[in-house]
Protein chains: 2
Amino acid sequence: MAMSENTKPGLFVGLLVVVCVVITVSIIVTRDPVPQPEPLFSQPYEYVCQDVTGSGPRCVKVVRTDDSNGTSLNVCKLTCGERRLIWPYPVSVEGMGTEMSRFIPINVMYGDISSHSTQIQDFIKENWEAFKGNLEMIHPDYVTNGVGEWTTSDTYNKFKVYVNFIIKTGVSTISRTTIESYSLNISSTAERSTVTIEAITYFGARHGLETFSQLLNYDAENNCLQMINSLGRIYDEPFFRHRGLSLDTSRNYIPVKSIKKTIDAMAANKLNYFHWHITDTHSFPFKMESWPQMHEYGAYSPRQVYSHKDVSEIVRYGNVRGVKVYPELDSPAHIGNGWQWGPTQELGTLAVCVNQEPWQSYCVEPPCGQLNIANPRIYDVLASVYKELADAFSPVQYFHFGGDEVSIDCWNSSAEIRDWMSAKYDNVTKDSYFDEWANFHSRSMEIFENVTGITDVKGILWTSSLTEAGMAAKYLDPEKFIIQIWTYQNNNDSLGDVEDIASKGFELIITNADAWYLDCGVGAWVGNGFNWCSPYKPWQTVYDNNPLLMVSPEYRDKIIGGEAALWTEQADAQTLDSKLWPRGAALAERLWSNPNGTWADAELRMILHRQRLVERGIAAERLQPQWCFENEGLCYIL
Amino acid sequence: MAMSENTKPGLFVGLLVVVCVVITVSIIVTRDPVPQPEPLFSQPYEYVCQDVTGSGPRCVKVVRTDDSNGTSLNVCKLTCGERRLIWPYPVSVEGMGTEMSRFIPINVMYGDISSHSTQIQDFIKENWEAFKGNLEMIHPDYVTNGVGEWTTSDTYNKFKVYVNFIIKTGVSTISRTTIESYSLNISSTAERSTVTIEAITYFGARHGLETFSQLLNYDAENNCLQMINSLGRIYDEPFFRHRGLSLDTSRNYIPVKSIKKTIDAMAANKLNYFHWHITDTHSFPFKMESWPQMHEYGAYSPRQVYSHKDVSEIVRYGNVRGVKVYPELDSPAHIGNGWQWGPTQELGTLAVCVNQEPWQSYCVEPPCGQLNIANPRIYDVLASVYKELADAFSPVQYFHFGGDEVSIDCWNSSAEIRDWMSAKYDNVTKDSYFDEWANFHSRSMEIFENVTGITDVKGILWTSSLTEAGMAAKYLDPEKFIIQIWTYQNNNDSLGDVEDIASKGFELIITNADAWYLDCGVGAWVGNGFNWCSPYKPWQTVYDNNPLLMVSPEYRDKIIGGEAALWTEQADAQTLDSKLWPRGAALAERLWSNPNGTWADAELRMILHRQRLVERGIAAERLQPQWCFENEGLCYIL
């Protein structure tokens, strides 16, 4: 009865809504036009492609000789010189033309994809939407008039751009063996361009579409998009298979939206590993189902957590964009907040030294905390955390166990641990603690494998006291663990350590702090002066940092790639983009192309690529005055 | 006839719109509820105000002993300790209570303002809207549910907050004599709080409202706002009358929207001078009506200009927010692009060395350019520029003439200038050029006064070779010019220059580059390494930089204040907020309060104030992990 009464207004409203929709259509017909911005004045310049200095052709700004629209800067950059505007630079580029086609985004479409699996079709469609979104964003009117309507004239309305995807396998998940190569060809008639992207996997094809998106540009003179309309062949594949960013979400929380934007920017740079340092001593933002105490005690606030759903969505989002998202649960140090509740559940003390003072005695930065190795119940809790992380991050191929900066003093400050050690060792020394630290890693790995059932996982560990020269192979199994190198390249002692690790058969991921730590160079956050890894790492330093130089030539094949790291003591959503970009792009070209040249050879493309990232909504840091962008090659030193 | 036909559909639509509005109301009644976010879990913590270390009370995070809502961090910070959360800190605070009132923004209103002039009433209303906007922004639900509806329970719905403004004069324009003092009192009953703000001028009252906005906070535990509900009296006035930011919009263009946001942030910090370095050698973005060639040749693009209307609106916007906006036309150096069109109008060469190569020979950074002092027509053009700037920036009390980094080599590279100098001087020396440089400034000032009819304008000049020890008084009139000091404080030679300038009777604005240049500390933009004024200036350095220490005690009254400068070679809208804030806030407290203490005494308030700026939409840089914010005083060094 109550239900039937409720139904009536619903029906009534429904009918009126229909009337309303009809009315709305009438209103659209007679409404005022969208307010147009003030007409733009005409500039006296155009650009010509010239080799002024003998160092290669550049776009030169010249005063126009007549009143016709000249070549705009963006169009000149599309056509001038050999390398032009692809970032990172491909393996080979053959037969790239200098003719342009003008078009509008609604006339860009993909060819028949029905032969692919439903999953691959869905991937192509989602990635296509992202691509189309980028096209729309690079057109200023589209953004500034705010209505999403294209106001270009009829001249370009009919030109069609077809993109055909030829993908040879059904591989739908990124793994360490995923083939990322692709080739790209463009041919055109007066009415249409045909872009053909051929790849072994969807992931290669995705890279190909990204490259195509860099062969077009907004043309301000004609208020449309223009693309290079003939290209023999680009063939491309990465130099290193592991090209990543490591992001800490524990020192400061990073919203899901910002992480997705970071993945968008990674995709624009063909970076393929997002290493999520999800927890640390400071906070535990992963929302646990089995032990909700972890985030209740460990998250900064109830709004600053990642649910399983959040994580899975980020993993899925990354996969479609060619980015594998993998977790780090740093331990046995770099834990603390989130582990204090053991006694309330009769599990005993799970972590020692948590927030202990004076922090200087027990850790490298406040707050302190380490797992209580004397309490076997920590492995029960770890098993649950591993299981939930492995589920949320599924499928898992890499799991980062952290393993850095263990303080023996912290462990030794606990009576429970001291007693336990004394019971195990006749004479407790630093080495005894190192043995237990190594045991912890072996046991963690075993538990991970048992609880998740994943037997081919590779563990990753940061360099630490356990990996100093002569140590790594004693304590760790090179078949099970990859070592991530954060020690300095400009330090012979560290290089000795790295050489030893490589010589023992460990695979290496390079993240040397003197080039690839992106948080350095601002003020200190404890005391005054500068933060520990100052100075700032300029994009030039990031670019020139060749991972291969970390070891002797005979061990270079152990280097699977590198990652830049952003530790977030002094970063959050407000500055995430500008800390990561465009320096992350410098990293990306180093890892994708590993060029023989230096930053100086890449500078013009870098400045342009930074603009591209900004046009796509990434708040990348500005590297130079716009004058340098408009006057190529004139911001130089002798 | 056509008109009458057109009228019909309009009327028809009009009637249907009325129907539609009625329907819309029905729909609201029966529509689905706004989707609510997932319910938030409860944290086991609350905050208590305790003096743990004997260094004063702090908010200490403790595990709750029962299931009731405890005191949230925000509320604890409102009530704990003497200084709490006002930034910059007032002259005196008496009788500040620790009781709170809970309320929602729609019940905050101002009392009768009808006794004020219409203009002051309009100012109060506009500033009130900004204040209300800030209240809404600090409430997370308001932002995250996206519908602008308050979802707090009825408990707080009825509590009223009245703000009364008592303003004793009708002063409606900021000038160098504007009195900015105010006093603030709060008293409350169970049903209402009454806030009384008393000031000589509207501008003082505006500061008072800003201070009141810092006596309230969002309370996450109860999902409402809370305010301190009793306060005997805050009395407040600035230490320095000139507290500013200098922003360069020539190296890179800064959109109008970003400038307005900068003014909002300045207002939140009681900064009162926005020094707009609107042009430089790189670009000329001011849209000239008399000589459109200036921006046609000089702007980076047709979208990157400031019209008279843009400028006037920014000046008006600033004035309502207590911020005086004043222009700099840097000359005779730091001009170039925008001045190349003279020959086409038969005015001759207006500028020499423009974009000349190699730039190292003629200027300090690319591109080069200086006014052609041999061509008297430059004064005709300058007169037009002065007139248009003075109109757009009206009313003008300060006009910055720049005057820094003149290259004698640039002038001497022009045959026209060499000939002209030889005709004037028997023996052309560096001193002859200095004489002409000084003549240029005197003549510019004269022309400015003539063309604008403003006779009480104060010119401002940067320190330069003309202001080295023994020079300033020889070349410049201390009655006409204020000197802005950008030379280092940590340099005895520079300090000698400054002492001499002060001793000759010039007023000083302090902007020493070793503390108050906010662009330092990133990579170089010509070549590699670091930019010229590296390292980065941490907030601690900005805070501790006392302008009074630039001169001997006897000349301290010549220092009218200071400005931090952001040169934008490597900044644009993407990073403007994080380059300026929260370091601009450190500057603001130094200039408003000139505290005896150091950054260490202000640290807790600074971290909180940075959060406040972020809540208000300013993307201020993060200084510390959130853990430090939640664990006051524990991120320290011994």
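The figures follow:
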{"read-out": "Amide H partners (placed H, <5 Å) of B:ILE166, local residues excluded", "value": "B:ILE197, B:GLU198, B:ALA199"}
{"read-out": "Chain B: angle of helix B:599-615 to the longest principal axis, Cα-based, in degrees nearest 10", "value": "80"}
{"read-out": "Dimensionless Rg/Rh of the stretch A:45-236 - Kirkwood Rh, Rg from C-alpha atoms", "value": "0.99"}
{"read-out": "Under Karplus coefficients 6.51, -1.76 and 1.60, residue-wise ³J(HN,Hα) of the stretch B:68-77 in Hz, glycine/proline x", "value": "6, 5, x, 7, 6, 4, 4, 6, 4, 5"}
{"read-out": "Mean Cα-pair separation over length for chain A, i.e. relative contact order, pairs under 8 Å, 6 or more apart, %", "value": "12"}
{"read-out": "Over the stretch A:242-609, relative contact order from alpha-carbon pairs under 8 Å, at least 6 apart, %", "value": "16"}
{"read-out": "Reachable aspartates and glutamates from B:LYS257, criterion Cα separation under 19 angstrom, eight or more residues apart if same chain", "value": "A:GLU38, A:ASP141, A:GLU615, A:GLU621, B:GLU126, B:GLU129, B:ASP248, B:ASP310, B:GLU313, B:ASP572, B:ASP577, B:GLU615"}
{"read-out": "Acute angle (nearest 10 degrees) that the helix B:256-268 long axis makes with the longest principal axis of chain B, alpha-carbon atoms", "value": "60"}
{"read-out": "Within the protein assembly as shown, percent of DSSP bridges classed antiparallel, to nearest 5", "value": "40"}
{"read-out": "Peptide-level mean, for A:301-311, of C-beta atoms on other protein chains within 10 Å", "value": "3"}
{"read-out": "Charge sum, other residues only, whose C-beta stays under 12 Å from B:LEU587's C-beta, Lys/Arg counted +1 and Asp/Glu -1", "value": "+2"}
{"read-out": "A:SER230 long-range amide H proximity, modeled H, under 5 Å", "value": "A:GLY97, A:GLU99"}
{"read-out": "Charge context of B:GLY204, other residues only, Cβ under 11 angstrom, K/R +1, D/E -1", "value": "-2"}
{"read-out": "Accessible-area composition of chain A, carbon plus sulfur, in percent [1.4 Å probe]", "value": "51"}
{"read-out": "Relative contact order %, the stretch A:352-443, counting alpha carbon pairs below 8 Å whose residues are six or more apart", "value": "30"}
{"read-out": "Environment charge of A:ILE417, counting only residues whose C-beta is closer than 15 Å and scoring Lys/Arg +1, Asp/Glu -1", "value": "-1"}
{"read-out": "Protection-proxy order for peptides A:279-292, A:596-609, each taking the mean of Cβ atoms within 10 Å per residue, highest first", "value": "A:279-292, A:596-609"}
{"read-out": "Built amide H within the under 5 Å cut-off of A:ARG321, gap 5+", "value": "none"}
{"read-out": "Rule-of-thumb Rg ratio for the protein assembly as shown [Cα; 2.2 N^0.38 Å; N residues]", "value": "0.98"}
{"read-out": "Packing-based order for A:572-584, A:390-402, using average beta carbon neighbours within 10 Å, highest first", "value": "A:572-584, A:390-402"}
{"read-out": "Shielding score for A:628-637, defined as the mean number of other chain Cβ atoms within 10 Å", "value": "5"}
{"read-out": "Proximal aspartates and glutamates to A:LYS558, defined as alpha-carbon separation beneath 18 angstrom and excluding residues fewer than eight positions away on the same chain", "value": "A:GLU468, A:ASP477, A:GLU479, A:ASP497, A:GLU499, A:ASP500, A:GLU507"}
{"read-out": "Sequence-distant lysines (8 or more away, or on other chains) whose Cα lies within less than 20 Å of B:LYS430", "value": "B:LYS474"}
{"read-out": "Per residue value of the accessible surface for the stretch A:45-236 (all protein chains in place, 1.4 Å probe), Å²", "value": "42"}
{"read-out": "Beta bridges by DSSP in the stretch B:242-609, antiparallel share as percent, to the nearest 5", "value": "10"}
{"read-out": "Cα-based helix-to-principal-axis angle, B:430-452 vs chain B, degrees rounded to 10", "value": "60"}
{"read-out": "Shielding of A:570-576 by partner chains, average beta-carbon count, 10 Å", "value": "6"}
{"read-out": "Pairs from A:LYS324/A:LYS480; A:LYS125/B:LYS261; A:LYS61/B:LYS260; A:LYS260/B:LYS260; A:LYS77/B:LYS579; A:LYS387/A:LYS480 whose Cα-Cα separation, in the structure shown, is over 27 Å", "value": "A:LYS125/B:LYS261; A:LYS61/B:LYS260; A:LYS260/B:LYS260; A:LYS77/B:LYS579"}
{"read-out": "Cβ crowding within 10 Å averaged over residues, with A:626-632, B:631-637 ranked highest first", "value": "A:626-632, B:631-637"}
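The values are calculated or read from the model by the stated rules, or taken from the named source; none is laboratory data. As the structure is a prediction and not an experimental result, all values here were calculated from the model. Glycine also receives a Cβ, built like all others from the backbone with ideal geometry; neighbour counts cover every protein chain displayed. Calculation scope for accessible area: heavy atoms of the full protein, side chains included, ligands and nucleic acids excluded. Shrake-Rupley method; radii C 1.70, N 1.55, O 1.52, S 1.80 Å.
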